[in-house]
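Take a look at the structure below.
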Amino acid sequence: MRAVRLFDRLIDGLAVLAACILFAITFLIAFDALSRHIPFAPRLNGVIELTEYALYIVTVLASPWALRLGAHIMVEIVTDSLSPKWKSIAAVMVNLIGLIVSATLIYAGGLATWKAWMAGTLVFKSFIFPQFWLLLPLPIRALLLLIEFLLRLSGIRGRTPPTLQHQIQEG
């Protein structure tokens, strides 16, 4: 259980970091927009590109937290019509699918990252940097999601997100 608490702290910390990045993006975009209308104001190059990368990182950092809380998008039109027993079965199936997809993304993302690193490919836009920097977060996020799905399937976390768990209990 100590490992689960450490994992939860890691995920909480990543979510806080994602929120901070989102906060910084907001001010960066506002400053960039305002600086265009102020004579002699410093201009920031590459704000749009930096924002694109930052939004990607925000989703990488926050998705395990959203999964843990059940704050992700769910299609409830099907689960609303199921009995509590079938809702539980559906939750297990969804977690298994999530586990398989996460494992696939770890492999594919890891392979793509490795190939980009070995090839030494660079991204040439406003900023120039190694391509593997963009690819590396994908297998890491997939690993965190895989761990969350394992916690759900093992029963440590509970097999269903809090919102669906509430629906199952209501019957």
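Nothing charged except the Cβ atoms of Lys and Arg (+1) and of Asp and Glu (-1): what's the magnitude of the dipole of the chain about its Cα centre? Round to the nearest 20 debye.
Numbers: 14 positive and 9 negative charges, 78 e Å.
I would put it at about 380 debye.
What helices does the chain hold that run 15 Å or longer along their axis, going by alpha-carbon atoms, with a Kyte-Doolittle average of 1.0 or more, using DSSP H for the helix calls?
2-35, 47-69, 84-119, 137-154
Return one whole number: the accessible area per residue of the chain in Å², for a 1.4 Å probe.
64
Roughly how many percent of the accessible protein surface of the stretch 69-124 is carbon and sulfur, given a 1.4 Å probe and a whole-percent answer?
Carbon and sulfur atoms account for 78 percent of the accessible area of the stretch 69-124.
The values are calculated or read from the model by the stated rules, or taken from the named source; none is laboratory data. Treat the numbers as computed from the prediction; the structure is a model and nothing was measured. Neighbour counts run over all protein chains shown; Cβ positions are idealised from the backbone, glycine included. What goes into the accessible areas is simple: the full protein's heavy atoms, side chains included, and nothing from ligands, DNA or RNA. Shrake-Rupley method; radii C 1.70, N 1.55, O 1.52, S 1.80 Å.
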